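**Q** This is the structure I have questions about; it appears just below.
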Amino acid sequence: MKIERVRVDRAKFEMKDFAKHPTGFSLVYEPGSRKEVSAYAVRIFTDDGVVGEYVGGNSVAAAQVSMFGKYLVGKNPFERERIYNDVKRQLRKFDKMGMGLIDIALWDLAGRAFGVPIRTLLGGWKTKLPAYASTAAGDRSGGLDSAKAYADFAVRCKELGYRAYKLHVWDDYEVAEVVRTIAAVRDAVGPEMDLMLDPGCKLETFAHAVQVGRACDDANYLWLEDPYKDTGISIHGHRRLRELIRTPLLQTEHVRGLEQHTDFVIGGGTDFVRADAEYDGGITGALKIAHATEGFGLDVELHTPGPAQRQLMASIRNTNYYEMSFVHPKSSEIGRSQLVYADDYRDGLTAIDADGCVPVPEGPGVGVSYDWDAIAAHTVDTAEFH
């Protein structure tokens, strides 16, 4: 089997009631606003008629595909390891995000060729995954606008079945307000629910990170993630933070690739390891990170929801929660979630079962059916490599 051509369609969708925060870059709740979001639909066509598909990504990843798209033509699509290493070298001067879009589509192609979900190819066994509610950023518009609002929403998530809850706080934060919120959420849900905090690298100083970290200590949080404006990349800074607080750190969302992740662990900069099937070289790259993390005796936590993430998590022992990201008390679904699928797959606040879990799709490849008519209706440009 050989790859004949690769097609990438960019489709635009509209996210209602969310906009960029005026003093930062977070998406925040703003009633009546409209925010354009893009999805990149990848199809890899072969001479045997098998097609690998994946919809996701971002503009940086799509731009990088143009740097190696023609290289893929004529290659054996099952030689993912070879493709991974060749493309990794080609993108050595960049963040390598373009690898993920193609690699996931190649895994989908393999699953479709053999008629099994990706988790079967990976030796996976899980059929459902425990999820945590990962909030949108704090706003000042009647959504997540106070400690009480975060606490009330945590209780609602607990009642829906979530076993864990992660806070993303305000761009225009005050340390005292964040500290109050950390405590208020714990008081509201009690001791049995796992809680996490992710400032998204917003905290201005290391001192703020220490103050917030000690509040997480007092409230028995499971982890603190990407606290301050080093942007989550300073091994030394996070090693020092680990020495000053008890709450475990979860880092490495903002470093790319296997080697950088292992350097962060060896350097003592994190307790949990973050990996992303799109950001870190696809399923091939994220699986390498998961296995390397297992070798250190640690856990890997996968970033963001999606069918590829579910297939990957179903195949990893040393992981805990599926991230149901961008949930909000005034919005039940995640962005384009309902628009690109032709089946009943979905992510969003109410996409869990009574036990707080999501199912792993059973179809071949990533396990879902895409609505190509809907994607075509929203497509604004196309790149082809042949």
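The values are calculated or read from the model by the stated rules, or taken from the named source; none is laboratory data. Treat the numbers as computed from the prediction; the structure is a model and nothing was measured. Neighbour counts are summed over all protein chains in view; Cβ atoms, including those assigned to glycine, are modelled from backbone coordinates with ideal geometry. In case anyone asks, the SASA skips ligands and DNA or RNA and just uses the protein heavy atoms, side chains included. Shrake-Rupley method; radii C 1.70, N 1.55, O 1.52, S 1.80 Å.
**Q** Once every DSSP H run of n ≥ 4 in the chain is given -39500 (n - 2.57) and the sum is divided by its residues, what mean residue ellipticity at 222 nm do you get, rounded to the nearest 500 deg cm²/dmol?
**A** After summing the helix terms and dividing by the residues of the chain, the value is -10500 deg cm²/dmol.
**Q** Relative contact order of the range 139-280: what whole-number percent is it, with Cα pairs under 8 angstrom and at least 6 residues apart?
**A** Relative CO of the range 139-280 lands at 19 percent.
**Q** Here's a follow-up. Build a GNM of the chain with springs between Cα atoms under 10 Å: which of 320, 85, 58 gets the top mean-square fluctuation?
**A** Looking only at 320, 85, 58, the biggest GNM fluctuation is shown by 85.
**Q** Something else now. Out of the total accessible area of the chain (probe 1.4 Å, heavy atoms of protein only), what percent is carbon and sulfur?
**A** Using a 1.4 Å probe with all protein chains present, the chain comes out at 50 percent carbon and sulfur.
**Q** Given charges of +1 on the Cβ of Lys and Arg and -1 on the Cβ of Asp and Glu, with all other atoms neutral, how large is the dipole of the chain about its Cα centre, in debye to the nearest 20?
**A** Here the size comes out at about 700 debye.
**Q** Still on this structure: Viscosity 0.890 mPa s, temperature 25 °C: what is the translational diffusion coefficient of the range 182-235 from Stokes-Einstein with a Kirkwood Rh over Cα pairs, rounded to a whole number of µm²/s?
**A** The calculation lands on 213 µm²/s.
**Q** I would also like to ask the following. Which whole-number percent is the relative contact order of the range 144-209 (Cα, under 8 Å, 6+ apart)?
**A** The value is 44 percent.
**Q** Figure the gain on full extension for residue 114 and residue 94 (residue separation times 0.36 nm, minus the Cα-Cα span) and round it to one decimal in nm.
**A** 3.8 nm
**Q** Also, I was wondering about something else. Tell me, how many Å apart are the Cα centres for the range 107-149 and for the range 313-386?
**A** Each part reduced to its Cα centre gives a spacing of 7 Å.
**Q** Something else: Along its three principal axes, how long is the range 98-244 when you only count alpha carbons? Whole Å, largest extent first please.
**A** 55, 39, 31
**Q** For the range 267-383, what is the accessible area per residue in Å², given a 1.4 Å probe and the full set of protein chains?
**A** Per-residue value: 32 Å².
**Q** Label-point separation (nm) for residue 294 and residue 259, each offset 7 Å from Cα along Cα-to-Cβ?
**A** 2.4
**Q** Can you give the Rg to Rh ratio of the range 19-92, both from alpha-carbon atoms, with Rh computed by the Kirkwood formula?
**A** 1.14
**Q** So for the range 173-213, Kirkwood radius off the Cα pairs, Stokes-Einstein at 4 °C and 1.567 mPa s: how many µm² s⁻¹?
**A** 117
**Q** Whole number in Å², please: accessible area per residue of the range 1-149, 1.4 Å probe, ligands, DNA and RNA not counted.
**A** 42
**Q** Given a cut-off of under 8 Å on Cα pairs at least six residues apart, what relative contact order in percent is computed for the chain?
**A** Taking the mean separation of contacting Cα pairs over the length of the chain, I get 21 percent.
**Q** In square nanometres, what is the average projected area of the Cα convex hull of the range 1-149?
**A** Its Cα hull, projected and averaged over all orientations, spans 11.9 nm².
**Q** For the chain, set up a Gaussian network in which alpha carbons nearer than 10 Å are linked by springs, and say which option among 266, 245, 83 fluctuates the most.
**A** Maximum fluctuation in the GNM of the chain, among the listed residues, is at 266.
**Q** Within the P(r) computed for the range 230-386, what percentage of the Cα pairs occupies the region above 21 Å?
**A** Every Cα pair in the range 230-386 considered, those over 21 Å come to 54 percent.
**Q** Each label point is 7 Å from the Cα along the Cα-to-Cβ direction; what then is the distance between the points at residue 125 and residue 355, in nm?
**A** The modelled label-to-label distance comes out at 1.5 nm.
**Q** Counting only heavy atoms of protein chains, what accessible area per residue, in Å², does the range 171-265 have with a probe of 1.4 Å?
**A** Value returned for the range 171-265: 41 Å² of accessible area per residue.
**Q** Over its Cα atoms, what ratio of radius of gyration to 2.2 N^0.38 Å does the range 184-284 give?
**A** Scaled against compact globular proteins, the figure is 1.08.
**Q** Would you mind giving the average projected area, over all directions, of the Cα convex hull of the range 63-148 in nm² with one decimal?
**A** 9.8
**Q** Over the range 236-291, what number does the Rg to Rh ratio reach, with both radii from the alpha-carbon atoms and Rh per Kirkwood?
**A** Rg/Rh: 1.00.
**Q** Kirkwood hydrodynamic radius, computed over distinct alpha-carbon pairs, for the chain: how many Å, to one decimal?
**A** It works out to 21.2 Å.
**Q** Then there is this: Say the dipole of the chain comes from +1 at the beta carbon of Lys and Arg and -1 at that of Asp and Glu; which of 73, 302, 281 then lies farthest toward its positive end?
**A** Going by the charge dipole, the pick is 73.
**Q** Do the alpha carbons of any pairs in 158/330; 16/330; 202/330; 2/126; 148/330; 128/148 sit beyond 20 Å of each other, and which pairs?
**A** Long pairs (Cα-Cα over 20 Å): 202/330; 2/126; 128/148.
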